[in-house]
Structure formats: C-alpha cells, structure tokens
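Some notes on the structure that comes next.
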Amino acid sequence: MPDQLGEADAALWRGATTILAANWTGTHTVPSRTLYPHQWSWDAGFISIGLAHTAPDRAWRDLRSLFEAQWPDGRVPHIVFDPGVTERDYFPGPTFWAGEGGPVGSGRGNGGRPNGNAGGTPDRTFSAPAGTNGGPARLSSGIVQPPVHALGAWTIYRRAPGHAAAEELRWLYPRLVAQQEYLATARDVGGAGLSAIVHPWESGLDNSPSWDEALAAVPVTPDVLRRYARRDNQVVASKHRPTDEDYARYLTIALSYRDGGYRDADLGPRHPFLVECPGFNALRGAAELALARIAEVVGADPAVHRARAASITRLLVDRLFDPETGMFHPLDVRTGRRNPARCVNGLLPLILPELPAVQVASLVAVLESDRFGVSARMPVPSYDRTAADFDPFRYWRGPVWSNINWLLWRGLRTHGQVELAGTVRAALLDLVRGSGYYEYFHPGNAAGIGSPAFSWTAALTLDLLA
Ligand code: 9WN
C-alpha cells in the first residue's frame, strides 16, 4: 500500500484488495461472483492494471489465462468459459456459442468445430494455438472486446520490472501482436483501416445508444427469446439491464456470426451489424503505443507500432469525428451513416497522445458542457445527460462506469488537463468511498447499481490511489 494514504484511502485500498482476492479463482479473476462467473476479455485488462500494484504474479497469470484461449487467427475471445461453472450460471454460455458443432475453443478436442481461422481467414502471424500444450480445450465465445491488454501488460511490467516480468512480456508480445493484427485485417470490413465490431457486446458498452440505429435495422429471428432464457435479469433488476428487445437482437446477431462459422471473410454483404466504434479503435491505438514500449524490452521494432497508432489516430479524426457535435461517433459500415447520439465512447479518443489539438479542445469542451458535466462532483455518465432518452438506471444508457472514467482520467492527463483529470479522479474515488465497488452508479444520486464487489471497479480504484 502506498505510504502517503490517509486512513479513509487506506480503507478503500484494503477493500479493493479484498474484492480482487475474493474474485480470484486460482487461474483468473471473474468480474463478479454473482453475475459474471467466467473470465471476460477487457475486464482482464483492467483487472491486471489494479493487480499490478498488489499482486503482479496474479496479474500476469490472469493475462496468460486469457491468451491461452486465443484463437489461431489471433482473436482473443470476449469470454473464456470456466468448465467448473454450470451452464445455468451465465447466459449465453458455451453451448450457445458452440451451436451444433460442439464446443468453441482455442485448443484441441474442439469437437471438430472449425475455430478462429475457419473458412478463409488466414492465420497470418500465429502458427500455433497459444499455451494449450495438449491440455483441454479452452471453451470460449467467438467475438472479441476492446484490446486493453497491452496497456495492462505494460503497466504490470513498469510497476515491477525484472527478469521474470520481461519473460512474461516475451511470452505475451507475439500474442498481443497477433491480436492487433486480427483486428487490423480481418476486422477492417470498411476497408479504410479502422476495425468494425460485429456485435454490440464487442464494444463493451452493450446497450449504448451508439448502436440504436444499427440495431433497429437488424431483422430479429422470430421466437429467439422463447428458445433461450436470460439469466442476467434474474440476478439484477430488469430496469437496470438491457431490454428483451435488445437481447433478441443480440442473440440474432450472435447466431448469424456463429452460424457463419465465425468467419470474417465477406462479412459486408451477409452480417447484420458492422460498426466502427471510436472507443474500440482508440483503445486499439493505445494498445499499439503500449506495444511500442513492450517492443523495446523484448528487442522488437517499436517504430512499426508507433506508426500504426499514428495512422489509427488520423483515421479516427477523418472518419468518426463530427465537427458539429465536437465529438466522435460510431460509423455504420452497412449504411455509411454516423450514429448521431452523443455517447461516452465518442470521448475516448482522448487517450491518444497524438490526437490533434483541435479535437482535444473540442472533447474537453464537451466533457465540461452540461451534457457530460465533468466539473461537477459526479464522474462522467455514459450518455448525454440532456438527451430525451437518458436513463440513469439502464446500464450503458446513462449510469457512470469506473473503467470509462479511468480512461478519461488518463486521457486528460495525457493532454495536460491536470485539473480536470484531478476532478474526475476525486469524483470517482468519492463515488466508490460512498457507495461501494459497484459495477455502475446512478449519475444523480450516486447509488451503486448492478453487481456489487465488481472487479474492475476495485482494480482501477487501486490504480487511482497508487
Ligand atoms: C456481455 C463483464 C461484462 C463487461 C461488459 C458489460 C457486461 C456482458 C453482459 O459485462 O457485458 O459481455 O452479460 O452484460 O457490458 O463491458 O465486459 O463485466
């Protein structure tokens, strides 16, 4: 624990450490014991950033567990299923993602199911499934989440460098590169150099208004919700979660991708949801910069990563920035339309150090406006507070999330906005101190919502305090 912490912050530190210990399974950390009993991809990245301060060995192990489930084509699945958890404990579980063909996994014994590079996505940079060593297949979903893992790996190394940490980086580096390569090639559906997500779950901001227009155009498979039973709204109040209509579309899109063998070739004409998300792509750019630092340690070429980050930054500005709203908006690859809603993923390019001054100033102005109100004592909400459909309870349609605020805090510091960054940090810590380590928070009365004892809230609290 850092020496300078006062009594209240020391208690906050201890509370966060206890939660991360309770959510540790022996090989990985679950986001929440009650709601998310498996390993999630971008959660693992954020969690490793917190564990870097208290348990670097566990942080490395967490990332290894995830990357052991990497597919041969480089994709890192958004969920790695724990075979010790029953199918009833989370939906959609491994059976859903497998469909008729048997389990979906990265290793052997996958029941003949074609995995990552099925039917035409060439395995460009990765010649062997990661880390399976003949062990059992790692069951996984077939979609991805934002790549925050290079940032995690670099943070763990920086906090505790040394021979063993450098070995961990050497193990991870080619896998992180393969992950980026997959996103840069197979997922460049729009052809301009930005990655498209094939499902709202891939953004990590599942029911954000960012996806409303694109989702509205998805023809829902009839009866899909009668064939499958949700579990999330048995654990958390329905009004705090995505709606049934959202879920019908989520399942329809996932089934379309699954039944196409998780192939990415020719997605354009056949897949119902293809969107370039500013948050996802900004994190891809940030990952390249972290890889540049890692490359220096492992003796690889950092220049190539810096060049990729610069190119992603340029493309974000050219394709997704709207001078009228002063922020970034997702682009629907199918229609060529940018979604007009002002959502917090449209502020995340702030984490890119080479973002031009015009865009930085513009994002800061939006952050300070009534829409996001960063200078108030409350952290940034997930959606424009002044929008008619702003919903303070419903998940990514209003509530405050700590991972997003943590990213904004970093972005503001990157651009010298020290005071505003300090405001975000203080507000986030106040929130957790007052309400607990919740999954998300009511942006008015600060009440904790969703799952209590949530891992990334605990982990990022540690990083804010360190
Ligand atoms: C679907 C685990 C995940 C987060 C996502 C969050 C939520 C899952 C769900 O939980 O998504 O992936 O069942 O709602 O939206 O960001 O990674 O914490």
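For Asn23, what charge total do you get from the other residues with a beta carbon under 14 Å from its beta carbon, if Lys and Arg give +1 and Asp and Glu give -1? Overall, the nearby charge balance is -1.
Compute, for the stretch 23-403, the length of the dipole vector about the Cα centre, with Cβ point charges of +1 (Lys, Arg) and -1 (Asp, Glu) only. Units Debye, rounded to 20.
Using only the charged Cβ atoms, the result is roughly 480 debye.
The alpha-carbon atoms of the chain define a convex hull whose volume equals 132 cubic angstrom per residue. Size descriptor for the stretch 269-309, Kirkwood hydrodynamic radius: 11.5 Å (Cα pairs only, one decimal).
Using the average count of surrounding beta-carbon atoms within 10 Å as a protection proxy, the listed peptides 52-63, 422-433 rank, highest first, as 52-63, 422-433. Its Cα gyration tensor gives the stretch 136-217 an equivalent ellipsoid, and the semi-axes of that ellipsoid, as √(5λ) in whole Å with the largest first, are 30, 14, 14. Projecting the Cα atoms of Ala376, Gly191, Trp24 onto the dipole axis of the chain, where Lys and Arg carry +1 and Asp and Glu carry -1 at the beta carbon, places Trp24 farthest toward the positive end.
When a/c reaches 1.5 or more, the comparison of a/b and b/c decides; with that in mind, is the stretch 308-390 rounded, prolate or oblate per its Cα gyration tensor? In terms of gyration-tensor shape, oblate. Note on the stretch 224-285: with charges restricted to the Cβ of Lys and Arg (+1) and Asp and Glu (-1), its dipole about the Cα centre is near 280 debye. Across the stretch 180-287, the mean sequence separation of Cα contacts (distance under 8 Å, 6 or more residues apart), normalised by length, yields a relative contact order of 40 percent. Listed peptides 180-191, 224-235 appear in the order 180-191, 224-235 once ranked by packing, highest mean of other Cβ atoms within 10 Å at the front.
From most to least packed by mean Cβ count within 10 Å, the peptides 458-466, 444-452 give 458-466, 444-452. Does the stretch 1-83 come out rounded, prolate or oblate, given a ≥ b ≥ c as the square roots of the eigenvalues of its C-alpha gyration tensor, rounded meaning a/c under 1.5 and, failing that, prolate meaning a/b above b/c? Judged from the Cα gyration tensor, the stretch 1-83 comes out prolate (a/c at least 1.5, a/b above b/c). The radius of gyration of the Cα set in the stretch 181-303, together with its Dmax, comes out at 17.3, 54 angstrom. Over the chain, Cα pairs under 8 Å with separation of 6+ residues give a relative contact order of 17 percent. Listed by Cβ neighbour count within 10 Å, with the fewest neighbours leading, Met1, Met327, Met378 appear as Met1, Met378, Met327.
We did not get these values from a lab; they are worked out from the coordinates using the rules stated. Remember, it's a predicted structure, so these values are computed and weren't measured experimentally. Using ideal geometry, Cβ is built from the backbone for each residue, glycine included, and neighbour counts are taken over all protein chains shown.
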